[in-house]
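Have a look at the structure below, then the notes.
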Amino acid sequence: MTNQDKRLSRRHFVGATGAATLAGLAGCSGGNGGDGSDGGDGSDGGDGDGSDGDGGSDNTLEVLHAWTGGDGARAAEALVAAFEEEYPDVDHEFNPIGGGGNQNLDAVVANRLQNGDPPSSFANWPGPNLQRYEGVLGEVGGVWESEGFEDVMVDEAVDLHQYNGAYRAVPLGSHRLNCLFYNTSVVEEAGVDPDSLTSVSALIDALETVQSETDAIPMTHGASGTWTTTQLFASTMLGQEGYDAYMSFLDGSPDEAAVRATFESLAEILGNYINEDASSIGLTESNQNIIEGNAAFIHQGNWAAGAYRNAEDFNYDEDWGFKTYPGSEGMYMLHFDSFLYPSDNPSPEATEQFMAFAGSEAAQVAFNQYKGSIPTRTDVDMSQFGPYLQETQEDFASADQRPPNLQHGLGVPSETMTSLNDVISSEFSGPYDVDAATQGFVDAVSN
Amino acid sequence: MTRNTDTGDDSGDAVTDGGVAEDGQRSGFSPVAALNERFGSDFVESSQFWLPPFLLVGLFVYGAIIWNLLISLTDFTGFGTPDYSDLDLQMYSRALADSGFVDAAINTFILLVGFTLVTLALGLGLAILIDRNIRFENTFRTIYLLPMSLSFVVTAQFWAWMFNFNNGVINIVITSLGLGRVDWIGNPDIVLWAVMFALMWQFAGYAMVVFLAGLRAIPNEHYEAAKVDGASTVRMYWRVIIPQLKGSTISASVVLMVFALKAFDFLYSLVGGYRPPNGADILATKMVREAYANLNWAYASAVAITLFVMTLGIVGPYLYYQYNRGNL
C-alpha cells in the first residue's frame, strides 16, 4: 500500500462531503426534538444579545417611520423640530425607512422585534392591525392617563388604540378615506354638480355624463397596486349599503347580498369609466390626471390633496373640489397614523415622553399641517391649517359615525387584509368577476 | 461536519475515522500525521485557511437552510419563539391547497423554463453572428453584454416605462404600425411574458458571452473540415459546432435558471411592492408577502423550502454531471 492509495483524491472528498451533508440533513430532520430545542436556545441567545445592545444605548430614543418623500418628509421634519423644542434634553434618532409604502418599514420592524432588538417606537396603524404585534407591544396606559388623552381624542381613537385591554399606541394624525376629489373645470364642462351626488347610482350617472359630454376620463384609478381598489370597495360599500352593512362586514358577519351589490357597482364603474392604463399606473400618476384636467373624479384618502397643494395654480374650490364619497355623507372613514410602543423598550422613559408629545397639540399641529392630515384631538386650534383641512376637521369632529377603514389597518387584521387584496388581484383587476370576488371577500372576512 | 470527536485524541481536531489512523506503524501515534496521510500532505497545516470559511459557510448557509426547514415544520406565526415540539407537514399541505401558491409555483416554473430556453437560443444566435469575424466585434459584444451589468432596479424601472400603456415606447411603436395598444403590465395573460421578455433582454448578452467562449475553444480545423466535406453553413453549425457547445449550454442554463428564480428583485422594483401585477406572482414574492405582510413565518419557510428544492433540482444534476466528468 502506497501513500498514494490511502490518500483521498479530491473527487472522493467532494463525494464524501456531499454524502455527509445529506446524512447531516437526514440526521437533523430525524432528530426533531433535540434539534428543535437547540433552535429555541439559539433564539433565546438572540434575545439576550439584544438587551445587551440596548444597555449600551440606553437613553437614546429611536423612532422608525416611513415618511421619506414630499409631504411626509417635511411633516416628519416639523415633528422632530417640535420635539426638540419641547424636550431639548432627550437624545433621539428618527430613522425614516421608505420604500413600498410601509412595506420596508414593516419588514425592518418585524425583523427587529423578532430578534429582540425593538426600536423605542415605530409608526404604524392601530386597531386590528395591532393583532400582528401580539406579545411584543407594551402598555402606554400611563401616558394616556397623565396626558388626559381619553378626554380630548374622539371615542374611536380611544377604542382603537387598545388591544387586549391596554393602550398600546398613541395617535398622531388622521386621514379621511371616504373622499371623492374632482377637477372643477371638468365637472363644469360636463354640467355635473358634484354636491348633488348623494348616492353611488348618482355617481355612476354623473360618470356617464362626463363620458358623453367631455373627452376627459370620468374617474381616474391607479390600480398597479390592489390597495386602491380595496379602499374603493370600502367607500362604495359604505356609501351604497350603509354603515351597518359595512360594519358587519368588518366584524366578520358579512351580508353576501350587500357585498355582491357593491361589487356590481364597482364592476360598472371600473369596467366602463376609468382610464385604460389604470392597471399599469399608481396613485401618483392617476392623481396627476386630476391636476392636469384629464379626469373628472378620483376616489382616494385625503393624502391625494397633498399633491394638489403642491401643484402650481391649483387651488381648493377654484380648481379642485372635495365631496364626501356619495352615500356616505355625515360619516368620516377613519385612518390613524400612530406610534406603537414595543415592550422590552430600550428607552422606556424617553419613549413615554415621546408618546406624550405625539398626542400633544404641539406635535399634532406641527406634523399634520404638512402631512395633509388632521389632528386626532378635537380641541386643537386649526388656524394654521388650510381651508380644506379646516373643513375636514369640522367634519371629523361633527361626524355622525366614524367607521374604521378597510385597507389601512383599522378594520381588519393584516392577514385578512392580505387575503382581500389577493382576491382583488386575482378576481377583480380586470376582467371583473363579481361572483368570485364576492365569494372571496365573504370567505376572507368570515373566518 | 458534526461527527463525534474521538475521546482519546488530545488534539482538538476532529478525527473523522479512527480506524484508518491506527494503521500507522511508526514509533509514535500522531493524529496530525494521520490526518495528513489521509487527506493530503497539507491537510492540517492548510486548515487555518479553509477551516474558518468552511465553518462559517456551514453555519450560516447550510445551518440556516436546515433551521428554515425546521421552522417550516412548525406552526410559527407572529412574534415569539417557534414551538418545535409539534412538527408536521401541515404547512406543505396548506400550500398545496392554496391556489395562490399553486399559481405562483406554476408561474415560477414557466418563467424558469421559458426564460432559460429563449435566452439560450438568443445568446447562441448572437454568439454565432459575432463569431463570424464581423467588423466592430468588440463594440457589439459590449453592447449586448451591457444590460447585464445593470441592476434589476434600473432595468425594472426602465421596462416599466417601456411597457407604459399610454407613453411607453413599445405601445407607441405598435400604434404607429396601426395596431391597438396592449396593456402589457395590466393584462394577467400577458404580464408574465412581458416580464420574461425584459429578463431575456437583460441576460441574452450573458448567454452570448458564454457561448462565444465555447465557440472560440473549437479548433478552426473543425470548421475547415466541415467546409471541405461540403457542408452548408447551417448544416455545419447544426451538426458540427453546436453539439460541441454542450458544456457551455449547461453552465449558462444553470446560471440563467438561478437568475429566473431571483426575479423577485425585478418584480419588486417593477411595482414598488411585494405584490406583483396579477398573473406574475412567483414563489419568491409570495414568500416575502407571507413572511413580512402576514408574519406567517412557518408558511413562508415552507414556500422557501419549495423554492430551495426547485433550485436544488436544477443545480443538483449539473453538479452530478460535472462530478462525473471529473470537474469537481
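With the requirement that a residue be touching a Pro at 6+ places or on another chain (Cβ under 7 Å) and either under 30 Å from residue A:340 (Cα atoms) or open to solvent by 10 Å² or more (accessible area, probe 1.4 Å) (or both), what does the stretch A:198-223 give you?
Once the filter is applied, which keeps residues that are touching a Pro at 6+ places or on another chain (Cβ under 7 Å) and either under 30 Å from residue A:340 (Cα atoms) or open to solvent by 10 Å² or more (accessible area, probe 1.4 Å) (or both), the stretch A:198-223 yields A:198, A:199, A:202, A:211.
The rows are residues; the columns are (1) modelled with pLDDT of 90 or more; (2) open to solvent by 10 Å² or more (accessible area, probe 1.4 Å); (3) assigned to a helix (DSSP H, G or I).
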position	(1), (2), (3)
B:257	no, yes, yes
B:260	no, no, yes
B:292	no, yes, yes
B:299	yes, no, yes
B:304	yes, yes, yes
B:307	yes, yes, yes
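Residues B:210, B:191, B:195: which one is buried (at least 21 other Cβ atoms within 10 Å of the Cβ), within 14 Å of another protein chain (Cβ to nearest Cβ) and within 30 Å of residue B:246 (Cβ to Cβ)?
Working: B:210 fails: within 14 Å of another protein chain (Cβ to nearest Cβ); B:191 fails: within 30 Å of residue B:246 (Cβ to Cβ).
Going through B:210, B:191, B:195 in turn, the sole match is B:195.
If you take the residues of the stretch A:292-332 that are without any contact (Cβ under 8 Å) to a residue 24 or more places away in the chain and farther than 16 Å from residue A:389 by Cα, which of them is farthest from the chain's Cα centre (by Cα)?
A:313
Can you tell which of A:228, A:236 is within 14 Å of chain B (Cβ to nearest Cβ), open to solvent by less than 10 Å² (accessible area, probe 1.4 Å) and assigned to a helix (DSSP H, G or I)? Give the steps one after another, and end with the answer.
Values: A:236 fails: within 14 Å of chain B (Cβ to nearest Cβ).
A:228 is the lone residue from the list that is within 14 Å of chain B (Cβ to nearest Cβ), open to solvent by less than 10 Å² (accessible area, probe 1.4 Å) and assigned to a helix (DSSP H, G or I).
What single numbered condition from (1) in a helix (DSSP H, G or I); (2) within 12 Å of chain A (Cβ to nearest Cβ); (3) surrounded by 17 or more Cβ atoms within 10 Å (Cβ to Cβ) fails to hold for residue B:91?
Going through (1) in a helix (DSSP H, G or I); (2) within 12 Å of chain A (Cβ to nearest Cβ); (3) surrounded by 17 or more Cβ atoms within 10 Å (Cβ to Cβ) one by one, residue B:91 breaks only (2).
Out of the residues in the stretch A:106-115 that are facing chain B (nearest Cβ under 10 Å) and buried (at least 17 other Cβ atoms within 10 Å of the Cβ), state the one that is nearest to the chain's Cα centre (by Cα).
A:106
Quick one: in the stretch B:94-128, which of the residues that are open to solvent by 70 Å² or more (accessible area, probe 1.4 Å) and within 14 Å of chain A (Cβ to nearest Cβ) is farthest from residue A:131 (Cα to Cα)? Explain how you work it out, then say what you get.
Within the stretch B:94-128, the first condition is being open to solvent by 70 Å² or more (accessible area, probe 1.4 Å), and the residues that meet it are B:94, B:96-97, B:99, B:103, B:106, B:109, B:117, B:122.
From what's left, within 14 Å of chain A (Cβ to nearest Cβ): B:94, B:97, B:99, B:103, B:106.
Details: B:94: 22, B:97: 25, B:99: 25, B:103: 28, B:106: 32 Å.
Ranking the qualifying residues of the stretch B:94-128, first place goes to B:106.
Counting only residues that are open to solvent by less than 80 Å² (accessible area, probe 1.4 Å) and part of a helix (DSSP H, G or I), how many does the stretch B:213-233 have?
Within the stretch B:213-233, residues that are open to solvent by less than 80 Å² (accessible area, probe 1.4 Å) and part of a helix (DSSP H, G or I) number 8.
If a residue counts only when it is within 14 Å of another protein chain (Cβ to nearest Cβ) and either within 22 Å of residue A:148 (Cα to Cα) or not β-branched (Val, Ile, Thr) (or both), which helices (runs of 4 or more DSSP H) contained entirely in the stretch A:323-439 have at least 2 such residues?
A:414-427
Quick one: how many residues across the stretch A:243-282 are without any contact (Cβ under 8 Å) to a residue 12 or more places away in the chain and surrounded by fewer than 21 Cβ atoms within 10 Å (Cβ to Cβ)?
Step one: filter the stretch A:243-282 for residues without any contact (Cβ under 8 Å) to a residue 12 or more places away in the chain, giving A:244, A:248, A:251, A:257, A:276-277.
From what's left, surrounded by fewer than 21 Cβ atoms within 10 Å (Cβ to Cβ): A:244, A:248, A:251, A:257, A:276.
Qualifying residue count for the region: 5.
Which numbered condition in (1) farther than 30 Å from residue A:116 by Cβ; (2) out of contact with any Lys or Arg (no Cβ under 6 Å at 6 or more places or on another chain); (3) buried (at least 17 other Cβ atoms within 10 Å of the Cβ) is the only one that residue B:77 fails?
Of the numbered conditions (1) farther than 30 Å from residue A:116 by Cβ; (2) out of contact with any Lys or Arg (no Cβ under 6 Å at 6 or more places or on another chain); (3) buried (at least 17 other Cβ atoms within 10 Å of the Cβ), the odd one out for residue B:77 is (1).
Test residue A:291 against the criterion of being over 25 Å from residue B:278 (Cα atoms) and open to solvent by 10 Å² or more (accessible area, probe 1.4 Å), and give yes or no.
yes
The values are calculated or read from the model by the stated rules, or taken from the named source; none is laboratory data. Being a predicted model, the structure only gives us computed values, none of them experimental. In this analysis, Cβ positions are derived from the backbone assuming ideal geometry, glycine residues included, and neighbour counts consider all displayed protein chains. Accessible surface areas use protein heavy atoms only, side chains included; no ligands, DNA or RNA. Shrake-Rupley method; radii C 1.70, N 1.55, O 1.52, S 1.80 Å.
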